[in-house]
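Read the figures in this text as sums done on the coordinates, not as results from a lab. Everything numeric here is computed off the predicted structure, so don't read it as measured data. Neighbour counts run over all protein chains shown; Cβ positions are idealised from the backbone, glycine included.
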Amino acid sequence: MTAPRRRTLRPRTLRARLTVGLVTLLAVSCAAVGLAAVVELDGFLTQRLDEQLAQVGTRFPESLEHDGRLPDDHDGDEHADTRRMATGTFGARLLNGTVTHKGLIRSGDPAADLNVDLTARDADRLARVPADGRPHTVDLSALLDYRVVASPGRDGDVLLVGLPLEPVEATVHRLELVAGVVFGLALVVTGVAGACWVRWSLRPLSRVAATATRVSELPLASGEVALPPRAPDTDPHGEVGQVATAFNRMLGHVEDALTKRHAVEERLRRFAADASHELRTPVASVRGHAELALLHPGPVPPEVTRALDRITAESARMGEMVDDLLLLARLDAGRPLERRPVDLTRLVLDAVTDARAAGPAHRWTLDLPEEPVTVPGDAHRLHQALANLLANARLHTPAGTKVTVTLEAGAAQATLSVHDDGPGVPEDVRPTVFERFTRAEHRRRPDASGGGAGLGLSIVAAVAEAHGGSVELESRPGATTFTVRLPATP
């Protein structure tokens, strides 16, 4: 028992592979373009934010020591510094790693909000920012991501000023969303259009495949075969056109070979039929003269009598062989057989009775249904086929072998089987047992002598095929069964 084949998602057809490959390449290209655009935009906006931080300087964190205004303000406006700050600007003053002052410019409020809640973790992160005057990104739990610049103050303190990264991140995320939607739609449209284009481009290859399928369904084993029309010619400079041209050339060679083979078979068939027909008269004449010589009233030496007996026997055997060859030639030529209702039950009874008389040393048994079994066909040819099967069992099995003939009736066919418990058919003979002139070098019965020319089973196969049926062999030591199946009369 073989394990079930695992199904994979890998495309199997060339059309699917080309379409998937095209869409995959486009997806990789879109992903590369989108990633480059997102990275470039994020870097550009972050650089602009750093420039804004440079413009802000340290004036805002310095003003936090004076409640949001510088000590040297001369215009009397206490919000003059904070008014020029962008919304979300954050400032802080650290002394010895501790946040002493902090403030935030909120939207719509020109004054700095000095009550900014910072956690201990936020204060620790602010204290870790190096005072090198360069921008750094800090994640504050109360304010999210900020771009912060720390600079040393005049009093040994550290002044920090920062701007929110939320506008930059929002813009980048919006670009990611827009790029994803646009690229997704582009992939869908490209996939559909690419599938149609690939299908149209491979249309000649599909026609070649369809032509090859029709050729594979033709009965090329025997008879005259008419090949289907050739695949349509396309551009010979393209790969598909080259395949179509080579395929058409191959079909031409195959058609020529089949035509020549059919002509040879026809000549051989006519030769076999003509030779068989011509041999019937001289063989009958030889047999007649031998029998006439045996009837001579005068004394005949015993040696001459034995020679005449052998001539009579061999001429009779040759006559049967000629008749078999003539029958095979007629069946090969497709000559129609009689199509009359044949009582297989009566035919089996008669054939087994004859076999019992010819081989009394064998044990012959019957297994017949209660109702008669009728099939349409030629009674004489069917009787000949069954007689050949019984003769095969009788000649090639030792005395005492049990031969069972079974007849079964089905809804659509009748099954006739001949079973024996002899030594079996040699394994090297089984594949060609129904071919003509097939004879085993070592017979199933060691003491067998004489026999036919290897045409008996080939006649069985030809008669069964001419009736629209079939014949099969199953053999092993101690059990050999020939099964003939024939279409039954409705």
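So here's what we get for this one:
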| read-out | value |
| --- | --- |
| Mean-position separation - Cα centroids, segment 174-223 and segment 356-414, in angstrom | 58 Å |
| For Leu205, net neighbour charge (Lys/Arg +1, Asp/Glu -1) across residues whose Cβ lies under 11 Å away | +3 |
| Convex hull per residue volume in Å³, alpha carbons only, for segment 340-487 | 102 Å³ |
| When segment 332-374 is reduced to its Cα atoms, the Kirkwood hydrodynamic radius in Å | 12.6 Å |
| Proximal charge balance of Asn96 [Cβ under 12 Å; K/R count +1, D/E count -1] | -1 |
| Summed residue charge, Cβ within 11 Å of Trp364's Cβ, Lys/Arg positive, Asp/Glu negative | +2 |
| ³J(HN,Hα) computed for each position of segment 144-153 - Karplus, 6.51 cos²θ - 1.76 cosθ + 1.60, integer Hz, glycine/proline x | 6, 7, 9, 9, 10, 10, 10, 9, x, x |
